[in-house]
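Have a look at the structure below before the remarks.
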Amino acid sequence: MTTITDPVIGRWYKDVENNLIFKVVAIEDRDDSISVQYMNGDIDEFDNDSWYNSTFDYVEPPEDWSAPFGDMETDDLGYTDNDRHINPDSDDIDFPDFNDY
């Protein structure tokens, strides 16, 4: 079985043959390379031929996906617990402000 999934930066994959989970962290068109980071923190690189001749498949992000990045502050993960998603009252919104082009 060969890989039919394309590499996408930020997407998680599983090397089915070796039972390894990794995330694509960079794709370089100029030298045809795909950089990945495994759950243990190791970095590796594939060229297009080796990528498509491997046994990679999409997977959901692991529960503790930040493990390879060591001790990180919550703010460094790209989100905070303080994010609030409140539906404003439509009376508080001045719709003409949104229609200015």
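One table, with the values for the structure above:
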{"item": "Subset of region 38-66 that is among the β-branched types (Val, Ile, Thr) and within 16 Å of VAL25 (Cβ to Cβ) - its residue that is surrounded by the most Cβ atoms within 10 Å (Cβ to Cβ)", "result": "VAL59"}
{"item": "Residue ID - surrounded by the fewest Cβ atoms within 10 Å (Cβ to Cβ), chosen from residues in region 10-27 that are farther than 14 Å from GLU60 by Cα and under 16 Å from the mean Cα position of the chain (by Cα)", "result": "ALA26"}
{"item": "Hey, ARG84 part of a loop (DSSP other than H, G, I, E, B) and modelled with pLDDT under 85 or not", "result": "yes"}
{"item": "Region 28-52: number of residues that are β-branched (Val, Ile, Thr) and either more than 22 Å from GLU63 (Cα to Cα) or outside any strand (DSSP E or B) (or both)", "result": "1"}
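The values are calculated or read from the model by the stated rules, or taken from the named source; none is laboratory data. Just so we're clear, the structure is a prediction, and the values are computed from it rather than from any experiment. We place every Cβ from the backbone using ideal geometry, glycine too, and count neighbours over all the protein chains shown.
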